[in-house]
Amino acid sequence: MLNRLAVGLSPDAGLVTMLISLLNLAHRGLQPAGLKGGASILLEMMRSRFFPGVAIIPDATAFAQHCCDFLNQLAALEEGRCLALVEELEGQLRRCAASKRSKIRTPEALTAAIGGDALAAGWTREFLNAPENSLSKTQFFTPAWIATYLCEEALVDKLDGSPFSILDPACGAGHLLVQALNVAAADVAAADRPAKLQELLGQSIFGLDVDRELLQLAAFSLYLTARDLLGARAPIELPQPNLFCLKAPLGSLILTGERGTQDRPEGLPTSFDGVIMNPPYLSTRTMDDTTAAFLKEHYPSSSGDLYTAFMQLAMSFLKEGGRLSTIVQQSFLSITRYRAFRLELLQNHTLTACVQLGTGAFPSRPGEKVNNAVITVQKKKARDDDQIAFQRLQGKSDHIDVIASRLSAQSKSTISYGRARSLITSIAGQPFAFHCPQEIASIFSNYPCLADLSADFVLTNGLFTCDNKRFVKSAAELAGLVQESPADYVPYDKGGGQKWYHETDYRLRWVNNGEEIRRFRVERGQSRRLPGEAFYFKPGLTYSYIGTSGFCARLLSEGAIFDIASSALFTERYHLLYMLGWLNSALVAYLLSILNPTINFQIGDLRKLPFKTPSAELENKVAKLAEEAVAIARSLKTSGLSQSAARTASEREQALQAEIDELIFAHYGLSKAAQKAVLSDPWVQKSRRPLG
């Protein structure tokens, strides 16, 4: 609801952020003495309008003045304008509370919820799409339950009350720093909290960022949190937060080597007991040339992305035995680009925990594509008997459970460092797949991968036209275009996403062997030669490039050219329907989840699949089962079956799938325990959805 509230108030991000900040103060009755003019008027109007029963607590401390001074940008507002803003805020609160989407049904409760959230101003800033630079434009602020876990992981040896130092090198609006303050002070007796807060704010908690306005919000959130921790006690003087602004676009990344010594802000320690971070994500392929060159020079083993460079920097900040707990993209655990850096971390330090958060962990970025993990790394050499804790969360229901019980308190599986090294070495690409049974991991070393069988298989990307809107039409669109000749168009497979069978509705303009497309590609810096063109119009298999519903494969549409989103497999040695059954087997779905636990299946992932040559009997048996499954899928799409007939057909397809699974399990010699691990895997179950 804060999102809708913020967007509905004004396009001026700064104004709305300050209004929410004043609502935070009004909710607590805090009256910083340094507020002037319109800022002070607005605060009193909000307190009397929204929280009339709250007593005023004057705060004349330098701590309050420093943390709240940014609100004086509103000092010039006249009383009439202040009244109009408060009335607009009240109206928007009522509209949001009345929305069907709102879980808080009264404006009073919604106002209290927003006012009581010490990080509401920071969330507002994110929702309103604050000005971007190369470091901040992909940074999404961290939900409290994840932030708390990061702090507890980084400070696991320091939560006994002993002094510590912790850094967030990309702190944004302070979402992690606030939780560090909460975690460190939560169990301290009320009488001891003033002294503890003096220590934490003065000597323990440090933040860096490139955005001065975000640092102002971080200081404000730390102010509110400190006052909340002190409760009804009269305001006391506390140290100004240790927040430092570094020059964009590189920010903290300049603090490396000799240059790091010279550019280090005064007052920033040289090393820390813990580093916590949710660093910005930006691939070298999409960042500006200057930043990319800097990373390649100063972060050669981690230059693939901003966040991996931040990880290398963070390790250099740690004291011996210190811990980094960081959010990473889930692809870090598996893809080849980060393989060397993954193994470097594993070899030179101690990986203590890996939690895959799954999709939907960041409410401000819902959907399947945002998929993250948290890893914790200790700066010390690992022993074979050290333990790695690991856990996989599977979306919203798991998140609800974790939020209720704290992620750190959840039961996790463990694997010894020695076993983990052996497991990782066994799997192609060396992903961090700690849940994979060794028996299944050994399949990768026991059989050749498809890439090594290039005489038998071709896996190729499809056509990239550079402009599908120009060259691709649906069949219905084409029928309505009198100036276009259907003879100039051919079937065009554009995306997998279907299981067993699908006949494409798309048509590609294909005149004179695609001459128009070739010229257009050359004009845009692409090759005249078309990707995969030797296999256009041939029988083959395609698969779900974006696997939001698991992995599935199907036959290419008959006589079609295939798009880059329909990358395909071709073989002349093996029965195509055997390969279709094999690709749709539970074992292959599981192996792919190991190779790439994200939703984007690359052709390189399929090339790593271990292939065991089938006997003629097995090949024929699986091909016949797959042939029947194709016929069922075709009938469900084209025959207009009754509801009961469709249900019967779908049940038969499920039985065929189970029979294929059993045959492939037996072919690879998997034990019952390994089969159970595969079939109970959430990703495999997602891939087993019924047809229709």
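All of the numbers you see were taken from the coordinates with simple rules; none came from a lab. What you see is a predicted model; the values in this text were computed from it and never measured. Ideal geometry is used to build each Cβ from the backbone, glycine not excepted, and the neighbour counts take in all protein chains shown.
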With only alpha-carbon atoms counted, please give the Rg and Dmax of the chain, in Å.
-> 29.0, 87
Report, for the chain, the % of DSSP beta bridges that are antiparallel, rounded to 5.
-> 60 percent
In degrees, nearest 10, the alpha-carbon axis of helix 79-98 is tilted away from the dominant principal axis of the alpha carbons of the chain by 40 degrees
Two decimals is fine: what is log10 I(q)/I(0) at q = 0.18 Å⁻¹ for the stretch 457-687, from a Debye sum with one equal scatterer on every Cα and no solvent?
-> -1.35
Using the Cα gyration tensor of the stretch 434-571, the equivalent ellipsoid's semi-axes, largest first and to the nearest Å, work out to 33, 17, 13
Scattering profile of the stretch 132-274 from the Debye formula, Cα beads only, expressed as log10 I(q)/I(0) at q = 0.16 Å⁻¹, is -0.84
Just tell me which aspartates and glutamates come within less than 13 Å, Cα to Cα, of LYS608; anything on the same chain fewer than 8 places away is out.
-> ASP452
So which lysines pass the test for LYS319, namely a Cα distance under 21 Å, with those fewer than 8 places away in the same chain ruled out?
-> LYS158, LYS379, LYS380, LYS381
For the chain, calculated [θ]222 nm from helices alone, where every DSSP H run of n ≥ 4 adds -39500 (n - 2.57) | -13000 deg cm²/dmol
In Å, what is the Rg of the alpha-carbon atoms in the stretch 1-129, and how long is Dmax?
-> 13.7, 44
Spin-label pair SER671/GLU266, simplified geometry with 7 Å Cα→Cβ offset, distance in nm | 6.5 nm
If the cut-off is 22 Å between C-alpha atoms, which lysines fall inside it for LYS473, apart from same-chain ones fewer than 8 positions away?
-> LYS494, LYS538, LYS637
5 Å binning of all Cα-Cα separations within the stretch 650-692, expressed as whole percents from 0 upward | 5, 21, 26, 27, 15, 4, 1
Sorted on mean Cβ neighbours within 10 Å (highest first), peptides 418-430, 209-221 come out as 209-221, 418-430
Using Cα atoms only, what is the angle between the long axis of helix 643-668 and the major principal axis of the chain, expressed in degrees (0 to 90) to the nearest 10?
-> 90 degrees
For helix 107-116, report the angle its Cα long axis makes with the longest principal axis of the Cα atoms of the chain; keep it between 0 and 90° and round to the nearest 10°.
-> 80 degrees
